[in-house]
Amino acid sequence: MTPIAMLNTTPMPDLINHNQPHNSHADSMGPIASVDLQALRHNALIAKQARPSAKLLCVIKADAYGHGWQACATALEGIADGWAVARWQEAFQLREAGFSQVIVVMSPQLPSDNVLDLWQRCAAQNITPLLHDNAALITDLKYCKQYQITPWINIDTGMHRLGIDPLTLTTHLAALPDHMVLMSHFADADESRPRQLSKQLDTFFNVYNAAQLLGRRCGFSLDNSAALLREKTAQDNDKYEPGGTQWIRPGIMLYGANPLAGNSHLSSQLLPVMQLTAPVIALRHIAKGESVGYNGIWQAPRSSTIATVAIGYADGYPRHAANGTAVAIHGRKAPLVGRVSMDMITVDITELCNAGIDVAIGDRVELWGTVIPAVDIANNAHTISYDLFTGIGNRVARRYINR
């Protein structure tokens, strides 16, 4: 296994010395995303608890949702049966780093790709393509047979982004290989009352059962994080009795965020993986009625103490976070005031000071993590936690806690 380089900076006192930074040029005295690898492993085991007999395909696309793919894959290596990525380069990087598990590339080939070269590399490096294209299905299956690749086949059961039309796939059942994995993606499993879930399952298993009747040995993969965290899914209905190997595909739940509209027994057990912090760089007192930040959208309701914190939208903190969005200083919450700017935010620490909490320049402020759930920030910025994690800027240092 390729070793993970050590961070060549002086560790902050509230952080453990860790492994590879996302960007070795990042200023460790500025924003830091601390990634708790033990929490990551804990969340992966929650996914396995949801489907104990299934194989675990950990989704580490988009640099492991902004957490750092190599450190996360290393931490999960003893738990994961495979990896799901979105881009071919991500798959090649995993193999070049020495990871030997199954790798499924979820995005299709493009016309500009050297298709023959991709198939040859898939065979040479044991990388699994996900077949999506109705028109290219027969050609893709011939390549799979030629290069002895067991394909994954995406069935479009209602998401209507990618995938083989169910009727097209049923028409070509005789051309399917003896071994394969059929998959689909749920459109609304995160909603409290999903409207499409049952229909998607019916469509999927009609094709799946037809393939099995022809003697094909089919694995299947349906459950994303939302489906895994639900108390009960339609898949648990007795009318679905798949006989093949099940692969589950946890993504956002690995990183400690709950995609459901509400909480479930399993989602309440997730642990936050990323703690985003930044230092206080200035303190000032302002009089009642004075404004803070661009355009004066917040005026002090009383004499106030304002802390300026070295993080902004260039670092990935959402520009549209509303006034009142919480941060944490010394474990206590304080509200964001004024507009988020490129490099800084401003926080009203008056109540903390009144409570006798001493805030000093250099103190680290949690933007999300152990005190402030990332989903709360996302809600206040009218976005989702996926957007927050993957939007972390390149100048934010990564540190890895491996307890």
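The values are calculated or read from the model by the stated rules, or taken from the named source; none is laboratory data. Keep in mind that what you see is a predicted model, and the values were worked out from it rather than measured. Every residue, glycine as well, gets a Cβ built from its backbone with ideal geometry; the counts of neighbours run over all protein chains shown. Only protein heavy atoms, including side chains, enter the accessible area calculation; ligands, DNA and RNA are left aside. Shrake-Rupley method; radii C 1.70, N 1.55, O 1.52, S 1.80 Å.
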### Task
Could you state the orientation-averaged shadow area of the convex hull built on the Cα atoms of the range 166-230, in nm² to one decimal?
4.5
### Task
Could you point to the residue in Thr157, Asn206, Gln196 farthest towards the positive end of the range 151-305's charge dipole, with +1 and -1 charges on the Cβ of Lys/Arg and Asp/Glu respectively?
Gln196
### Query
Calculated FRET efficiency, Leu213 and Arg403, Cβ-Cβ r, R0 51 Å, to nearest 0.05?
0.55
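So for the chain, what percent of the C-alpha to C-alpha distances run longer than 40 Å?
Tail of P(r) above 40 Å: 25 percent of Cα pairs.
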### Query
For the range 161-293, taking Cα atoms only, what is the radius of gyration to one decimal and the Dmax to the nearest whole Å?
22.3, 78
### Query
What FRET efficiency comes out for the pair Ser303/Thr383, r = Cβ-Cβ distance, R0 = 41 Å, nearest 0.05?
0.75
### Tilt relative to the chain, helix 37-50 - C-alpha long axis, 0 to 90 degrees, to 10
40
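Over the range 138-271, average the accessible area per residue using a 1.4 Å probe and give it in Å², no decimals. Walk me through the numbers on the way to the answer.
Details: 6370 Å² over 134 residues.
Dividing the accessible area of the range 138-271 by its residue count gives 48 Å².
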#### Entry: Charge dipole (debye, nearest 20) of the chain; +1 at Cβ of Lys and Arg, -1 at Cβ of Asp and Glu
200
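Classify the range 294-403: rounded, prolate or oblate, from the alpha-carbon gyration tensor (a ≥ b ≥ c, eigenvalue square roots; a/c under 1.5 rounded; otherwise prolate if a/b is larger than b/c)? The partial results should precede the final answer.
Numbers: a/c = 1.73, a/b = 1.27, b/c = 1.36.
Since a/c reaches 1.5 but b/c is at least a/b, the shape of the range 294-403 is classed as oblate.
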### Accessible area per residue in Å² at 1.4 Å probe, computed on the range 294-403
43
### Query
Using Cα-only point scatterers and the Debye equation, what is log10 of I(q)/I(0) for the range 29-177 at each q in 0.13, 0.16, 0.20 Å⁻¹, rounded to two decimals?
-0.67, -0.95, -1.27
### Residues Asn114 and Lys333, FRET efficiency given R0 of 35 Å [Cβ-Cβ distance, rounded to 0.05]
0.05
### Summary
Under a Gaussian network model of the chain whose springs join Cα atoms within less than 10 Å, the largest fluctuation of Pro335, Pro250, Pro301 belongs to Pro301
### Task
Leaving ligands, DNA and RNA out of it, report the carbon-plus-sulfur percent of the accessible area of the chain at a 1.4 Å probe.
49
### Query
Cα axis of helix 137-146 to longest principal axis of the chain: angle in degrees, 0 to 90, nearest 10?
80
### Cα gyration tensor category, rounded, prolate or oblate, for the range 127-222 with a/c compared to 1.5
prolate
